[in-house]
């Protein structure tokens, strides 16, 4: 007898994990885009010269009309939306460490879009972050699954029939 495959050979938990990782990746792209835009906006605004009320008001006022800052805030809000979706569907102890991949995305984005040079020490840090996130992802995959009920374990209130 031939074994027919169902429509999809990917298990439901695997599909769920793929969907979560896709939303996470999209969110991290939004977040890195937001960070790069905010940095570009701050380069236009310039350094803060103190932390008094007048200087903070100046930066807020100039930021409110800076297109890079406004777009950066928009992309950060999109990231936040992705994060809310993910929080509704997964354990925070699994999700939150994976958001550390934002450091990886932001590092590459800073090199590509801001022309930043990344030292070997920073690359080691990025690699350690990736290793840590891989351990966390594996822990979710290896998490003990609840046993499925079998027909033998059903209640015998019907007299065993």
Practice item. Sort the following peptides by mean Cβ neighbour count (other Cβ atoms within 10 Å, averaged over residues), highest first: 17-23, 99-105, 47-53, 74-80. Key: 99-105, 74-80, 17-23, 47-53
Study note, to complete from the structure: In whole µm²/s, the translational diffusion coefficient that Stokes-Einstein assigns to segment 41-96, given a Kirkwood hydrodynamic radius over C-alpha pairs, 25 °C and 0.890 mPa s, equals 182 µm²/s
Check your understanding: Quick one: if you stick a label point 7 Å off each Cα along the C-beta vector at residue 55 and residue 81, how many nm between them?
Key -> 3.6 nm
Review point. Between residue 111 and residue 138, what is the label-to-label distance in nm when each label sits 7 Å out along the Cα-to-Cβ direction?
Key: 2.5 nm
**Study point:** Distribution of pairwise C-alpha distances over segment 12-143, 5 Å bins, in %
**Key:** 2, 10, 16, 18, 16, 14, 12, 7, 3, 2, 1, 0
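We did not get these values from a lab; they are worked out from the coordinates using the rules stated. Keep in mind it's a predicted model, so treat the numbers as computed, not measured. Using ideal geometry, Cβ is built from the backbone for each residue, glycine included, and neighbour counts are taken over all protein chains shown.
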